[in-house]
Amino acid sequence: MEQRHAKKVAVISGAASGIGQAHAIRLASEGAAVVIADIQPGETTRQRIEATGGRAVAFRCDVADPDSVAQLGRLVRDMFGRCDILVNNAGLIPAQPFEQIRFADWRRIMAVNLDGVFLMTQCFLPDMRERGWGRIVNMASNTFGQKTNGLTHYVASKGGVIGFTRALSGEVGQYGITVNAIAPALTRTPGTEALEDRYAGMTRDELFSFVIGKQSVPRPSMPEDLAATLSFLVSDDAGFITGQTIYADGGVVRG
Ligand SMILES: NC(=O)c1ccc[n+]([C@@H]2O[C@H](COP(=O)([O-])OP(=O)(O)OC[C@H]3O[C@@H](n4cnc5c(N)ncnc54)[C@H](O)[C@@H]3O)[C@@H](O)[C@H]2O)c1
């Protein structure tokens, strides 16, 4: 692979599994030193990266906890001196009809999916500003752009992520920092396993068939599709793209 992210330090939340793991493997394969920041151990991701000669470190971090994020910031600066690329990927994917959502469920989704983006960005943005170059990519969802059932708290949190992306991009473009979001379709990951039999009465396979039927590209969305989009957005080639939400979803939502 072309080493287009050489000499860059990338912090990726939720990189122990799923889409975040694919993001970490892709950026490391193109030369970035990767920090896996996850509430779960990130050893599998780290070992996969090191097995192919890449550089990675795994730190436990709860993105919803200000103290945990501050500790991560200290560890990253001690080890690498900075963060150039921040990928706010950690997220919870619930499925509950609106009338069953308790306030505690709502708060937990907002804490991880939205507060986590705020806390991580506040932690690492100063490094980028100091160096006059930075890339922030937030994981949104194409559920924001279409009819969905049983996902009100999730879609609200992702709408917040899209608003955050647009608003912050306006403040930090002058410092060489871009802020974008990726909005995927339903993608096969550990996070979507739990949707089986809980989403609109469909099994997971029926749900995937339903979603693929809405796509222009009729195949399942894979984590690697999203990692390829990420790799472009954090490259120098994408330096004039900011404030955007890229619907990398096989053509379901056409903005
Ligand atoms: N898979 C999909 O269909 C899909 C579609 C659209 C958007 N997304 C978004 O992509 C992102 C990744 O989704 P995924 O399917 O890979 O999910 P996943 O559940 O497979 O992985 C999420 C990772 O985030 C970690 N995590 C959860 N809470 C955390 C916390 N508080 N602090 C740190 N890490 C935490 C988990 O441990 C896990 O490793 C999410 O933001 C999700 O909303 C996923």
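At-a-glance table
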item	result
Rounded to 5, percent antiparallel among DSSP beta bridges of region 103-241	10
Quotient of C-alpha Rg and 2.2 N^0.38 Å, computed over the chain	0.96
Order by protection proxy (mean Cβ within 10 Å, highest first), peptides 78-86, 43-51	78-86, 43-51
Lysines whose Cα lies under 30 Å from that of LYS214, excluding same-chain neighbours fewer than 8 positions away	LYS147, LYS158
Region 37-189: C-alpha gyration tensor shape, a/c 1.5 cut-off, then a/b vs b/c	prolate
Charge tally in the Cβ shell below 15 Å around SER216, where Lys, Arg are +1 and Asp, Glu are -1, SER216 excluded	+1
Spin-label model distance (nm) - ARG82 vs LYS7, 7 Å beyond Cα toward Cβ	1.0
Spin-label model distance (nm) - GLU171 vs GLN40, 7 Å beyond Cα toward Cβ	3.3
Rounded D (µm²/s) - region 2-51, Kirkwood Rh over Cα pairs, Stokes-Einstein at 4 °C, 1.567 mPa s	125
Relative packing of 161-173, 21-33, 111-123, 88-100, which averages over residues the other C-beta atoms within 10 Å, highest first	21-33, 111-123, 88-100, 161-173
Ascending count of other beta-carbon atoms within 10 Å, so fewest first, for LYS158, LYS147, LYS214	LYS147, LYS214, LYS158
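Just so you know, all these numbers are worked out from the coordinates, no wet-lab data involved. All values reported here derive from a predicted model rather than from experimental measurement. We place every Cβ from the backbone using ideal geometry, glycine too, and count neighbours over all the protein chains shown.
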